[in-house]
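To start, the structure under review is shown below, and the notes come after it.
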Amino acid sequence: MSGIEIHNRKAGRDYQFLEKIEAGIALSGTEVKSLRAGGGNFNDAFARIEQGEVWLYHFYIAPYDKGNRENHEPRRKRKLLFHFREIKKLHQQVSQLGRTLVPLKGYFKNGRFKVLIGVGKGKTHGDKRQDLKKRDVQRQIDRTLAGRMRG
């Protein structure tokens, strides 16, 4: 494993995830080389099921710097590779109101690039506020425990 990971930082803030599933992705040669060089970004990326196939939109892969005229389009839609049963299950989950497919993480596994997709439900303003309160309380607890261990 090469250790290169691409994270979608906004995903955890904006969505509550009900399920996560790993998918392969169909890439061209220059896209793989660019990803190995660390040239990927999930900002504004999302997945959609169309005609029995899952497609990833707005996943930015930087043009390969040593590429020629055959270099790839940086924001083209890319096919995600799932088994038929997985697509059927995802379609059932996404067909419920307010649920969407969000890419969470991209990484190399056994020489192949994989994308972790989450079935997310959008958080409301109140949900986000609740998360901030929980985080603040946890930090306060951690500080208190750290102070007791020193003293």
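The values are calculated or read from the model by the stated rules, or taken from the named source; none is laboratory data. Computed from a predicted structure; not experimentally measured. Don't worry about glycine lacking a Cβ; one is built from the backbone with ideal geometry, like all the others, and counts go over all protein chains shown. Accessible surface areas use protein heavy atoms only, side chains included; no ligands, DNA or RNA. Shrake-Rupley method; radii C 1.70, N 1.55, O 1.52, S 1.80 Å.
Here is a yes/no grid of residues against (1) of a type in the set (Lys, Arg); (2) under 13 Å from LEU116 (Cα atoms):
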{"residue": "ARG13", "(1), (2)": "yes, no"}
{"residue": "GLN16", "(1), (2)": "no, no"}
{"residue": "ILE25", "(1), (2)": "no, yes"}
{"residue": "ASN41", "(1), (2)": "no, no"}
{"residue": "ARG48", "(1), (2)": "yes, no"}
{"residue": "LEU56", "(1), (2)": "no, yes"}
{"residue": "ASN68", "(1), (2)": "no, no"}
{"residue": "ARG75", "(1), (2)": "yes, no"}
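Out of the residues in region 56-76 that are within 13 Å of the chain's Cα centre (by Cα) and on the phi < 0 side of the Ramachandran plot, which is most open to solvent (accessible area, probe 1.4 Å)? Quick ask: steps written out before the conclusion?
Initial filter on region 56-76 (within 13 Å of the chain's Cα centre (by Cα)): 56-60.
Among the residues that remain, those that are also on the phi < 0 side of the Ramachandran plot are: 56-57, 59-60.
Values: LEU56: 0, TYR57: 41, PHE59: 1, TYR60: 74 Å².
The extreme case among them is TYR60.
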| request: For region 12-63, name all the residues that are of a type in the set (Lys, Arg) and either more than 24 Å from ASP127 (Cβ to Cβ) or touching a strand residue (DSSP E or B) at 6+ places or on another chain (Cβ under 6 Å) (or both). | output: LYS20, LYS33, ARG36, ARG48
| request: Scan region 20-41 for residues that are in contact (Cβ under 8 Å) with a residue 60 or more places away in the chain and open to solvent by less than 50 Å² (accessible area, probe 1.4 Å) and jot them down. | output: ILE21, ALA23, GLY24, ILE25, LEU27, VAL32, LEU35, GLY40
| request: Could you pull out the residue among LEU90, LEU97 that is farther than 18 Å from HIS7 by Cβ, out of contact with any helix residue (DSSP H, G or I) (no Cβ under 7 Å at 6 or more places or on another chain) and surrounded by fewer than 15 Cβ atoms within 10 Å (Cβ to Cβ)? | output: LEU97
| task | For residues that are among the aliphatic types (A, V, I, L, M) and under 18 Å from THR100 (Cβ atoms), scanning just region 26-55, find the one that is farthest from the chain's Cα centre (by Cα). | result | ILE49
